[in-house]
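Just so you know, all these numbers are worked out from the coordinates, no wet-lab data involved. On a predicted model such as this, the values are computed, not experimentally measured, just so you know. With ideal geometry, Cβ positions are generated from the backbone for all residues, glycine too; neighbour counts draw on all protein chains shown.
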Amino acid sequence: MNMARIRHILEMRRATKVPPLLPPKAKRQGEIDKKTGPKEIIDIHVKIRGLRPKIGSGTNSITCIFSESDDSFGGPWRVSTASDVINKEPNIDLPSVFAIEFQFERSQYIKLDVCDWTENSAVSLGYTIFSVSELVVCEKNVISKKIINDDTGETIADAQISCTIRPKPHSVLLQFSAKNLIKKNMTPNSSQVFFEVQKHEENNDPLVLYRSEMAKCAQKVVFRSFSLQSTDISDNNVVFVCYFRDSKTQKGYMGQFETNYSLLKDGDPEKNTYNVVYVNSRGQTKTCGIFELLRCNDVALSSFLDYISSGSTLNLAIAIDFSRPDSFIDEAYVRRYLDDVELAVKAIGEPFRDFSATSAYGAFGFGAKIPPLYRESQEFCLSLETDPYCRGLDGVMKAFKNSFANVQPINTAHLSHVIYYVSKLAQNALNRNQSNQPNYHVLVVITRGVFDDLKETIQSIIFASRAPISIVFVGINNNDLGDLERLATAGTRLTYHGRKPERDCVQYVSIPKCREEESNPSELKSLVAERALSCLPWQMSTWMTKNGYKPRSAPVAYSQDVEQDQAYQAVPLHATYRPAKVVGEQAGSVFSASTATTTHQAFVAVPLRQLPREPTRVADYPTSTTSPRPGGDRDRLRSSQGSIDNRFIKMASQMSIDTRTVPVLNEQQYSGSGRPYVVQCVRSDVVPRYQTGYAESEETISSTSKLSKFLSQQEKSIPDSGKRPPSLANLRSYSIQHPSTRSLNTFFQSKKP
């Protein structure tokens, strides 16, 4: 072991007198507007039980050394921290021995070495290995491990490893409006304005904390509400920089202003009205508009680990594109295709191993002709059977290789089919779920980026934005991935016939670009996972918050992606969570720091509406379902009579009934099987008129002309005998009435043979 490194760690530990925080692996520069949520800091506690005092050398001092690895249980390992030098005893407690930042997209493995300690050496007596994800998903966040001697293979002690999630800093919910934003070099009618929130780091470089949406330039512009971490704005001033975009300028500078957290929290309207200023070419300070603060609230947001520790799980589904271009395909193309698919499956799938309830993953294929009939399919099970689930990532790769050898690729691919299918799986699982912690689904679509159903894919993404699902598009091969990238990075800017996604649930990663940035296989694998999964915890926690689900450990509160019309329960910052008053509903907490001691009105979190069911075609007038029975014409006519009655019931339910002019009839007047009906117009601007119709009798009327003549004679006996028939357009304003039918029955009886 590196003794210089270990001595330095021990000296730093004694100097700071606090548990060390392991430095996270630096993330590569990506999109600045990606939402990853607050940092998740975990404190690790270790208890060693049953350690034999005489084991090892004659020294009476030991230390516990902790090493990290991002690759696998086999290392390579790098020493990260160590405990204090302690006496060798059977039972050893190491509370808060170190802390680590949780990163879902990385496989964070920790190795614990129990070492004999001398001033010149540290000899390992035994070791155990665990992962951070394994620790956070277990019940009560406690796992038991055997400390095994590396030379003999025997167990020297038992280790109980537990963790606690540190309380996260609260967020600050802000909303601004702008007035009279104008500048000489911009076109007011066609310009769009937006702003960025920046803070200066130690090296004086600006760090963008938030970028607003584009808004059309007007006399008054109200921007969407957004949230910032209190740790980002509590210490230093933040700068609001306003930009414009028009047909001539892609990104034009308008002006800026500075503020701080204490000023925003004060809530004084006069102090929170800011002039947007800039310096012109002459060195003069000019004003180009005014920003006003509309809202400033301190909010507590539940995180990904809060939901995971409460019982939520992740379900992974993988869809692979088998389509090929029409041009010549060489061996290098096929080999690169196989390598890219394997890289994407393993890099993105490995972080889900501990977060999935089972090791079964849904695997689908599209863009091929499948056996035995070799018909085109844009959605089939990767195993070429009826069950889409495969056992583990190895099972997914085995099914993929089997399909690759048996299917016939085609030159077209459709992405919408598999997105619709997995979204419905996620929604159906949510509807069947009885617990308060639903499962969240992730669909990984591996494609070469050439697809023919752009409109349908946009509709499927809008459909999926309501369900508990995130979609990751992975571009492979060296094809033109521009269309796929624009689709996957549009977020909530997608629109189709006025409909937009309710949240951003799509991520994108390009395998060719990752290969250009990294050549080391392990670093390449880590880069792909980071680009694909870095926003997944934030997307899951915001969906849970919007739909009213709260974890057991912390209250759910207002988040950046929650729509403004969502209602939540308001509680003070220092108060505990109060349950919702409505049975079966979950509520969150929104609180104002400026009114933390006052009484707040309670609201109930309204869950997101369920996905609409697929439309089924229903006939306007349902036919009779009575099966024919033997018995001649009489039985068939009874069946027809039932069908007609059903139609009348349907029509009557859509009509208004007017009984003011209906003559009162006794029971005998309604005798007989055949009944005529009278339709009366109840419109006030038309004189009431009558029109007679016909309901079938038990016998078939052979002569329709004689029946019409008879009905005309009966109509004359009805009072107020206006003869103009009613219009079909006014059908809903007519009522069905039944006059006497005795004379009509007499007519039927006279026609019997």
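Counting beta carbons within 10 Å around each of Thr155, Thr313 and listing the fewest first gives the order Thr155, Thr313.
Counting charges near Gly349 (Lys, Arg +1; Asp, Glu -1) among other residues having Cβ under 13 Å from its Cβ returns a value of -1. Count Lys and Arg as plus one, Asp and Glu as minus one, and take only other residues whose Cβ is under 15 Å from that of Tyr496; the net charge is then +3.
Determine the alpha carbon to alpha carbon distance for each of Lys346/Lys401; Lys39/Lys346; Lys39/Lys140; Lys251/Lys455; Lys47/Lys88; Lys179/Lys271 and list only those over 19 Å. Going by Cα-Cα distance, Lys39/Lys346; Lys39/Lys140; Lys251/Lys455 fall outside the 19 Å limit. Averaging the sequence gap over all C-alpha pairs within less than 8 Å and six or more residues apart, then dividing by the number of residues, gives the stretch 171-299 a relative contact order of 33 percent. For the stretch 57-212, averaging the sequence separation of C-alpha pairs within contact (under 8 Å, six or more residues apart) and dividing by the residue count gives a relative contact order of 15 percent. Antiparallel as a % of all DSSP beta bridges within the stretch 304-542, to the nearest 5? Around 30 percent antiparallel, to the nearest 5. Net charge in the neighbourhood of Gly50 (other residues with Cβ under 14 Å of its Cβ; Lys, Arg +1, Asp, Glu -1) is +3. Using the alpha-carbon centroid of each, what span in Å lies between the stretch 445-512 and the stretch 234-258? When both Cα centres are located, 29 Å separates them. Which of the pairs Lys111/Lys145; Lys424/Lys525; Lys111/Lys168 have their Cα atoms more than 20 Å apart in this structure? Pairs exceeding 20 Å: Lys424/Lys525; Lys111/Lys168. For the stretch 304-542, relative contact order (Cα pairs under 8 Å, six or more residues apart, normalised by length) works out to 22 percent.
Cβ crowding within 10 Å, taken as a proxy for footprinting-reagent exposure, orders His414, His200, His497 from fewest neighbours to most as His497, His200, His414.
The packing ranking of peptides 135-145, 415-425, 541-551, highest mean first, is 541-551, 415-425, 135-145, where packing means the average number of other beta carbon atoms within 10 angstrom of each residue.
Residues Thr358, Thr457, arranged from fewest to most other Cβ atoms within 10 angstrom of their Cβ, appear as Thr358, Thr457.
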